[in-house]
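What follows is a short report on a single structure.
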Amino acid sequence: MSDCIFCKIIKGEVPNYIVYEDKSILAFLDIFPHAKGHTVVVPKRHIDTYFDLSDDEMNKLSAGIKKAMEKIQAVLKPDGFNVGWNQSPAGGQVVPHLHIHIMPRYEGDGGGSMHSIVNNPGDVKVGEVAKLF
Ligand code: 5GP
Ligand code: ZN
């Protein structure tokens, strides 16, 4: 997509720092990092969300995430990771080109876990929610 910042990065029109690249994906350093080595991994095809991935693209993206994590592990030696994506504005997605955040974690960095993203379970019991599936 011509006005997409991540498509511009993929095409080399906007400079970036590559962590890992292959035919299907590009992993590059986030310009406003929340951790040393904060990386985003994008499929080279412009799609908005995870729902738009084919199974083949999903497998290639997953493999690319692992390669990028292995590189980060070798270079920066973090103590752990959080890996995930913000989906849709309600989930905090700002750039509408699917991207997976890799957040290296370091002992004592003051960050939280997935559980610190939101704490709004509502008043419907888990058993009632289960019945909806
Ligand atoms: P989102 O909130 O959509 O999940 O995250 C978008 C991420 O892209 C943010 O962490 C932001 O810092 C990063 N970002 C936005 N524009 C650029 C850019 O031009 N270059 C790089 N490297 N990262 C960007
Ligand atoms: Zn794009």
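Each reported figure results from applying straightforward, stated rules to the coordinates on display, with no laboratory input. Quick caveat, the model's predicted, so the values are computed rather than measured. Virtual Cβ from ideal backbone geometry, glycine too; neighbours counted across all protein chains shown.
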Unique residue being of a type outside the set (K, R), within 13 Å of ligand 1 (Cβ to nearest atom) and in contact (Cβ under 8 Å) with a residue 12 or more places away in the chain when the list is I18, I47, I10
I10
Top-ranked residue in the stretch 21-35 [being more than 14 Å from ligand 1 (Cβ to nearest atom) and part of a loop (DSSP other than H, G, I, E, B); ranked as surrounded by the fewest Cβ atoms within 10 Å (Cβ to Cβ)]:
K23
Please verify whether M103 is farther than 18 Å from D48 by Cα, hydrophobic (A, V, I, L, M, F, W, C) and either within 16 Å of ligand 2 (Cβ to nearest atom) or part of a strand (DSSP E or B) (or both), treating the condition exactly as stated.
yes
Of the residues in the stretch 64-92 that are in a helix (DSSP H, G or I) and of a type in the set (D, E, K, R), the one that is farthest from ligand 2 (Cβ to nearest atom) is E70
Can you run down the residue pairs with Cβ atoms below 7 Å, 6 or more apart or on separate chains, where the first is in the stretch 63-82 and of a type outside the set (A, V, I, L, M) and the partner is assigned to a helix (DSSP H, G or I) and loosely packed, with under 13 Cβ neighbours inside 10 Å?
N82/M114
